[in-house]
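So the structure is just underneath, and the comments pick up after that.
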Amino acid sequence: NQLVQHFTRAAVSIPNIDKRIAIQFGAGAIIGAAIGSQFVTNVTEEIFKILLGCFILFVLLLPRLTIKIPKIPAEWPIIGAFTSAVGLFIGNTGVFMSPFYLNRGLKKEQLVATKSACQVAVHSTKIIAFVMLGFTLGPYLLLVVLMAIASFAGSYLSKKILGKLSEE
C-alpha cells in the first residue's frame, strides 16, 4: 500500500520531483536494502521489540526537537541507505525522513513530490529484498490492485488540494 500510495503521488507530480535528490537517495536505498537484508532474518523477537520501541520513542520525541538538521556532503545517499535498511525492520520510515527535506529550499509541491519519489525507492527496495528472502506476493495481488486504484484517486485529489494551500 505504501509503495502504491507514494508511487501515485510521485507520478502525478513528476515535474516537481527534485531529480538530484531522488536519484542520490535511490542509489543509497539500494545499498541500504542490500545491507539490511543480510540481517533482517537474523533479528530475534527480543531485539526487534527493542528496535521498534526505540523507533516509536524517536518518532514521539521528534516533534519536540527543534534542531535544524544541517546539510552534509553526500547526505542523500546516506539518508537513502539508512532509511531503506531501517525500513526492513520498522516498515514506515516517512516520519524519520521528513526533517531532512525541510530547510532544503524545496517548495511545498517539490517537497511532497520528492519525498514521495524517495519513498518509492525505499518501498521498492524493501519489496525486492523480501521477495529475494522468500516472501511471495501472489496471494495479495488482487488486494494490491484495489489499493492502487484507491491510492491513485487519493493522490490525484490531494495534489489538487495542495495547490490551493499557502507555502506556510
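FYI, it's all coordinate maths here, none of it is from the lab. Model, not experiment: these values are computed from the prediction. Don't worry about glycine lacking a Cβ; one is built from the backbone with ideal geometry, like all the others, and counts go over all protein chains shown.
For the peptides 49-56, 111-118, 130-137, the ranking by packing is 111-118, 49-56, 130-137, with the highest mean count of neighbouring Cβ atoms within 10 Å listed first. A viscosity of 1.002 mPa s and a temperature of 20 °C, combined with the Kirkwood radius over C-alpha pairs in the Stokes-Einstein formula, give the chain a diffusion coefficient of 127 µm²/s. Its alpha carbons considered, segment 1-98 gives a radius of gyration followed by a Dmax of 14.8, 44 Å. With 0.36 nm allotted per residue and the present C-alpha distance subtracted, the Lys108-Ala34 stretch has 23.5 nm of extension available. Potential lengthening of the chain between Phe89 and Tyr156 amounts to 21.1 nm, from the contour at 0.36 nm per residue minus the alpha-carbon distance.
Among the listed pairs Lys49/Lys115; Lys71/Lys108; Lys19/Lys107; Lys71/Lys160; Lys115/Lys160, those whose Cα-Cα separation exceeds 26 Å are Lys49/Lys115; Lys71/Lys160. Farthest towards the positive end of the charge dipole of segment 1-113, among the residues Phe7, Ala113, Ile31, is the Cα of Ala113, using unit charges on the Cβ of Lys, Arg, Asp and Glu. Computed per residue of the chain from DSSP H runs no shorter than four, each worth -39500 (n - 2.57), the mean residue ellipticity at 222 nm is -23000 deg cm²/dmol. The share of alpha-carbon pairs in segment 82-168 lying farther apart than 15 Å comes to 69%. Summary of the geometry: segment 102-164 and segment 35-57, compared by the centres of their Cα atoms, lie 23 Å apart.
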